[in-house]
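Undergrad: Dumping the structure here so I can ask a few things about it.
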Amino acid sequence: MVLGSCAMTQSIVKSTFPYTSTLEVPRSSPVGIEVSVRSTANSFDQGFTKDGNNADKVAEVRMVSARIESRDPTDFNIGNLTMIKVYMARADSTDEVLVASRTDITPGVGNSMVLDIDNSNFLDQLVRQSKVRIRMVYRLRNPIDVNAHLHVVLGLGAFPNRK
């Protein structure tokens, strides 16, 4: 019973605290060409154990929400991009999985946007890692005159691991 309640608690924690990552879109990015940037993702619950993760107590982890927002400058228009694809992988970039995207970004979308999720893959093995890498592929619509820092927030859903 204690084991089950711990697994239930961990599934609630994993489903409550998203993975977040800030990625830079350099002003030198070419227009109309797909460009890729990478960053490490962090989640509040990674600090609960000595190895950085307690995710062995959860299973059937899937993407449930994703959004992107401008951090610096805060008024950067995400509509300067025509498409975004977000991938999650191990720290060494292996086992990469598409988790969210938007291929029809409108020019006036503003400084935040919800992404379309891809929840066709279980992310159990990825969230068991002490570090997770996020790769964002984007294509610029127009030249930009600042380095834009975009914050990606990936919400996960998990169930208790019954094993």
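Undergrad: Quick check: residue separation of Thr103 and Val64 times 0.36 nm, minus the Cα distance between them. What number comes out in nm?
TA: Contour length minus the Cα-Cα distance gives 12.2 nm.
Undergrad: Label-point separation (nm) for Asp116 and Thr74, each offset 7 Å from Cα along Cα-to-Cβ?
TA: The two pseudo-label positions are separated by 3.1 nm.
Undergrad: Next question. Find out how many positive minus negative residues lie around Ile84, taking Lys and Arg as positive, Asp and Glu as negative, among other residues whose Cβ is under 9 Å from that of Ile84.
TA: So the environment of Ile84 carries a net charge of +3.
Undergrad: Here's something else I'd like to know. Just to verify a number: FRET efficiency for Lys131 and Met83, C-beta to C-beta distance, R0 = 25 Å, to 0.05?
TA: 0.40
Undergrad: A follow-up question, please. Work out the FRET efficiency for Glu34 and Phe159 from their Cβ-Cβ distance, taking R0 = 41 Å, and round it to the nearest 0.05.
TA: 0.70
Throughout, read-outs are computed from the coordinates displayed, never taken from laboratory work. Everything quoted here is computed from the prediction, not taken from an experiment. Glycine also receives a Cβ, built like all others from the backbone with ideal geometry; neighbour counts cover every protein chain displayed.
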